[in-house]
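Peer 1: One structure follows; several queries about it will come next.
The values are calculated or read from the model by the stated rules, or taken from the named source; none is laboratory data. Not measured: the values here are computed from a predicted model. Neighbour counts are summed over all protein chains in view; Cβ atoms, including those assigned to glycine, are modelled from backbone coordinates with ideal geometry. Each accessible area value is taken on the protein alone, full model and side chains, heavy atoms only, with ligands, DNA and RNA left out. Shrake-Rupley method; radii C 1.70, N 1.55, O 1.52, S 1.80 Å.
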Amino acid sequence: MCGIIGIISKQSVAGPILEGLTRLEYRGYDSAGIATFVDGEIKRRRAVGKLSALKEVLAKDPLSGLVGIGHTRWATHGAPTVINAHPHATPDVAVVHNGIIENFADLRDELMAAGRTFETETDTETIAQLVSHYLGRGNKPEAAFAKAVARLKGAFAIAVLIKNCSDQVFAARMGSPLAIGCSDGAMFLGSDAYALAPFTNRVTYLLDGDRAVLTQNEFTIHDGTGNVVQREEQISDVSATLVDKGGHRHFMAKEIHEQSEVVGHTLSAYVDPIRREIRLPEGLDFSGVTRLTISACGTAYFAGLIAKYWFEEWAGLSVEVDIASELRYRHVPYPEKGVALYISQSGETADTLAALRDAKAQKQQIVAIVNVPESTISREADVLCPTHAGPEIGVASTKAFTCQLAALACIAIAAGRQRNKLTAKKEQALVAALLEVPRQIAEAIGQSEAIEKITHEISKAQDVLYLGRGVSFPVALEGALKLKEISYIHAEGYAAGELKHGPIALIDENVPVIVVAPDDRLFEKTVSNMHEVMARGGKCLLISSKKGIALASRGGTLWESVPVPDVEPLLAPLVYAVPIQLLAYYTAVAKGTDVDQPRNLAKSVTVE
Ligand code: AGP
């Protein structure tokens, strides 16, 4: 994840900006930069590598100035070079950015047609060019900034300097976190409270859609509809710990809310947003593969089950998925030139590692999707496909799961191209749909308050059923796992079509049935299963699009419903994961369990 700092002060800001960037090093980066106003002009210093390289540049060529912005960049598309390092700038605007601008290619074409010339191929430069464009059309700085932000689609956090406003920093947030810090005679902007901790513990988090203008002694926030709003100031409890809760009550809540940002970051590692195509790590070629074996444990296993549908649908590839604790003891007749893919957040799960070693001994090419790059599974894989979820502290896996899905979707699409099962046009359409997911996740998180209200009822249940079909069936399994592992309520996930083969005997008014059903080609069938439940006095909570909920409501009164943004049907698990995570989270909070450290569980099961 990238890191952002902004400071307006009475003293030189270069040093404090570097200190704030140091607090963001935990997010991972490979270049850094800073921009300040010097005698009214915007000046930049950037360097590849660690902050020490930037400090050396500044030692040789210091930057004065009382207003500035800084950035640590984790290179995704665009190599870690000085030219790709932030801040990106035009002569009158400088910007630092964390996230993805989904529509930047179209904006770039529009701006180039309007005569603007670009220095890089990054989405970030488009932001600076867009603000400059509106300035050039006679808009005042704040109006130019507001118009530019209104054009941006995607999940992002940005900080901007605009010439002739040398006492201000402009900020905007959609999906990626951004906080304002106040202290006497200085104003700060940072990606999280930890970055602001050296300067202040008075932290005000911007909400999605907010834009802000900061001066040395005050700040004004406008919400997504343009109204001036007040946001709550919190006293941050950040101590010296590397990762804090970011103003949330639990790490799990923070990690659910980080998904828009980190899924975007994971996608950036595999997607070329200009050409709308996937770039796989070296050495991964599915063209001659006859069968793919996927194995993992727990939530990671459910990610593998979802990927099975994708590899079959997009790549025409036969897939076997099994839990690692079973696979490791089977005598699997692995195919010649087979690929075995392992999914693990920690990269240390004993069963997954054992299954990997068994397949390696049988000459399978080992591919690993891991969140901890220096882990054992990462080291023993032939090809590492990293997720960029950042540290996941909560025992219940959330952001790692959606980042695993993001990486798996990219790999399956690329496999489809390699096996000539997907046209370039279809790849571009799927990539475009993937680039919308971070924003859709942010919108799904917007249902938090409504979901919290529902969970007061669910927390009284002894048993809960989750139903889903197709790619939503593993989502139902994951929802049941989330609920039982943190709220200790017994829950089962079932394929909706399986209900009448036994489980429907469980149904009565005391068993909530949570139905995961995007309005896709299987929607009607799932809804008819749901109506069978309702006809027997069961109470159903439907998670679907607004259209799906309206259609399902015609056949009977839903107990509850949770609307989810419209999403490419096969990619639905990336977004539908959010409501099932939130249902489990708020139910556990209502029950007063230890959400981050549930009883009997460990974050990484490194023993059999
Ligand atoms: C998920 O919420 C659980 N904490 C657990 O099932 C976890 O997914 C499983 O232990 C696998 O861990 P890994 O991804 O680190 O291999």
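Peer 1: Points 7 angstrom from Cα along the Cβ direction at E41 and S604: gap in nanometres?
Peer 2: It works out to 5.0 nm between the two label points.
Peer 1: Given a cut-off of 29 Å, name the pairs among K460/K546; K245/K539; K308/K482; K163/K245; K484/K539 whose C-alpha atoms lie farther apart than that in the structure shown.
Peer 2: K245/K539; K163/K245
Peer 1: Enter the accessible area per residue of the stretch 1-94 (Å², integer; probe 1.4 Å; all protein chains in place).
Peer 2: That works out to 36 Å² per residue.
Peer 1: Another one. Only sites in a loop by DSSP and with at most 16 other Cβ atoms within 10 Å count here; which chymotrypsin sites (Phe, Trp or Tyr not before Pro) in the stretch 108-186 make the cut?
Peer 2: Answer by residue number: F118.
Peer 1: Further question on the same structure: What's the carbon and sulfur percent of the chain's accessible surface, probe 1.4 angstrom, rounded to a whole number?
Peer 2: Exposed carbon and sulfur together represent 49 percent of the surface.
Peer 1: Moving on to the next point. What number, in percent, do you get for the relative contact order of the chain if the mean sequence gap of Cα pairs under 8 Å and at least 6 apart is divided by its residue count? Can you show the working numbers first?
Peer 2: Numbers: 1425 pairs, mean separation 67.6, N = 608.
Worked out over the chain, it gives 11 percent.
Peer 1: How would you classify the stretch 331-445 from its alpha-carbon gyration tensor, with a ≥ b ≥ c the square roots of the eigenvalues: rounded for a/c under 1.5, else prolate if a/b is greater than b/c, otherwise oblate?
Peer 2: oblate
Peer 1: Moving on to the next point. Roughly what % antiparallel, to the nearest 5, for the DSSP beta bridges in the chain?
Peer 2: If I count the DSSP bridges inside the chain, around 60 percent turn out antiparallel.
Peer 1: Considering only protein heavy atoms, what per residue accessible area in square angstrom results for the stretch 361-428 with a 1.4 angstrom probe?
Peer 2: Using a 1.4 Å probe on heavy atoms only, each residue of the stretch 361-428 averages 33 Å².
Peer 1: If the label point is 7 Å along Cα→Cβ of I83, which residues in the stretch 1-40 have backbone nitrogen under 15 Å from it?
Peer 2: So the set is empty, nothing qualifies.
Peer 1: I need the per residue convex hull volume for the chain, using only the alpha carbons, in cubic angstrom as a whole number.
Peer 2: About 151 Å³ per residue, rounded to a whole number.
Peer 1: Does the stretch 1-137 come out rounded, prolate or oblate by the C-alpha gyration tensor, with a ≥ b ≥ c the root eigenvalues, rounded set by a/c under 1.5 and, if not, prolate when a/b is larger than b/c and oblate if not?
Peer 2: It comes out oblate by the Cα gyration axes.
Peer 1: Let me ask another. Using r as the Cβ-Cβ distance of R249 and K425, and R0 as 51 Å, what FRET efficiency do you calculate, to the nearest 0.05?
Peer 2: 0.65
Peer 1: Still on this model: Before rounding to the nearest 500, sum -39500 (n - 2.57) across all DSSP H runs of length at least 4 in the chain and divide by the residue total; then give [θ] at 222 nm in deg cm²/dmol.
Peer 2: -11500 deg cm²/dmol
Peer 1: What are the principal axis extents of the Cα atoms in the stretch 88-183, in Å, biggest first?
Peer 2: Each principal axis gives a Cα extent; for the stretch 88-183 these are 44, 28, 21 Å.
Peer 1: Note the full-extension length gain between Q362 and D30 as 0.36 nm times their separation in residues minus their Cα-Cα distance, in nm to one decimal.
Peer 2: 115.8 nm
Peer 1: Quick check on the stretch 365-504: take the gyration tensor over C-alpha atoms, sort the square-rooted eigenvalues as a ≥ b ≥ c, and tell me if it's rounded (a/c under 1.5), prolate or oblate.
Peer 2: Taking the square roots of the gyration eigenvalues as a ≥ b ≥ c, the stretch 365-504 is prolate.
Peer 1: In Å², and per residue, what accessible area does the stretch 162-225 have when probed at 1.4 Å with the other protein chains present?
Peer 2: On a per-residue basis, 32 Å².
Peer 1: Simple spin-label model, 7 Å along Cα-to-Cβ: E449 to T120 in nm?
Peer 2: 3.7 nm
Peer 1: Note the angle between two axes, namely the Cα long axis of helix 572-591 and the longest principal axis of the Cα atoms of the chain, as a number of degrees from 0 to 90, rounded to the nearest 10.
Peer 2: Approximately 90 degrees, to the nearest 10.
Peer 1: Using 1/(1 + (r/R0)^6) with R0 = 51 angstrom and r between the beta carbons of A59 and D285, what's the FRET efficiency to the nearest 0.05?
Peer 2: So, using R0 = 51 Å, E works out to roughly 0.65.
Peer 1: For R536 and K147 in one chain, what is 0.36 nm times their gap in residues minus the Cα-Cα distance, to one decimal in nm?
Peer 2: Using 0.36 nm per residue and subtracting the Cα-Cα distance, I get 134.7 nm.
Peer 1: Give, as ranges by residue number, the residues of the stretch 422-454 whose backbone N falls under 15 Å from the point 7 Å along Cα→Cβ of A590.
Peer 2: Label zone hits: 448-454.
Peer 1: Report the residues of the stretch 443-482 in range of a label on S528: point 7 Å along Cα→C-beta, backbone N strictly under 17 Å from it.
Peer 2: Taking a point 7 Å out along Cα→Cβ of S528, the residues of the stretch 443-482 whose backbone N falls under 17 Å are 468-470.
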